[in-house]
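Here is the structure we will look at.
The values are calculated or read from the model by the stated rules, or taken from the named source; none is laboratory data. Note that the structure is a prediction, hence the values are computed from the model and not measured. Reconstructed Cβ throughout: ideal geometry from the backbone, glycine too, with neighbour counts over all protein chains shown. Just so you know, the surface numbers come from the protein's heavy atoms only, side chains and all, with ligands and any DNA or RNA stripped out. Shrake-Rupley method; radii C 1.70, N 1.55, O 1.52, S 1.80 Å.
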Amino acid sequence: MSDQTWAGADFSSGSPEAGVYLCRACERRGDCRLGLGREELQADGSVETTLLCTAEHEGGPGVAHGGWTAAMFDEVTGHVPLLNGQLSVTGTMRVTYVKPVPIERALHARAWVTGKDQKRWYVQGELTLASTGAVLGRAEAVMVLRDEAHFERHRSWLAEQDGLTGTATDDAR
């Protein structure tokens, strides 16, 4: 999704091809690198998804790297405001690793709003083993609300930083 399409975008449908809202990098691939499958916005505003951690993200023998778990929670908790029509970015996130996450096993994730204020949504998430419902991890995130000009402001700020260091933006690509 280009930066210009944030305004007025229909976030409730996700990425039609994948059934999940994809970040820019995954959009180029056509699927979620983190293994998120079809996600569904629930009537209460929560988001549920099925997912799979592949061997590509194996940390210890037969288990997911903790970084995969944190990244997955960043996506799932971030999709709560997004699929409810609100652009946000992660302000803070705390992950609790309850059990090692097995690779190549069906998983289920759910995230929901626990509070809101004028500038933030407070979101919690839970990852479970799909076959038994055993809890594998939990997350608490503060999602900071942004408008569609957020990424343009960031590009302008970064260009200022490049001017201070003499680094050209195109040189980094």
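Taking amide H atoms as placed 1.01 Å from N in the peptide plane, the amide H of Val63 lies under 5 Å from those of Ile103, each 5 or more residues away in sequence or on another chain. Model label points for His150 and Tyr97, set 7 angstrom from Cα along the Cα-to-Cβ axis, are 2.8 nm apart.
Per-residue 3J(HN,Hα) values for the range 104-119, derived from phi via the Karplus relation 6.51 cos²θ - 1.76 cosθ + 1.60 with θ = phi - 60°, read 6, 10, 5, 10, 9, 10, 9, 9, 8, 7, 10, x, 9, 9, 5, 10 Hz in sequence order (x marks Gly and Pro). If you roll a 1.4 angstrom probe over the protein chains with everything in place, what fraction of the accessible area of the range 79-136 belongs to carbon and sulfur, to the nearest %? Accessible surface attributable to carbon and sulfur in the range 79-136 totals 49 percent.
What ranking, highest mean first, results for peptides 140-146, 53-59 when packing means the other Cβ atoms within 10 Å averaged over each residue?
Working: 140-146: 19.6, 53-59: 15.7.
Answer by packing, highest mean first, reads 140-146, 53-59.
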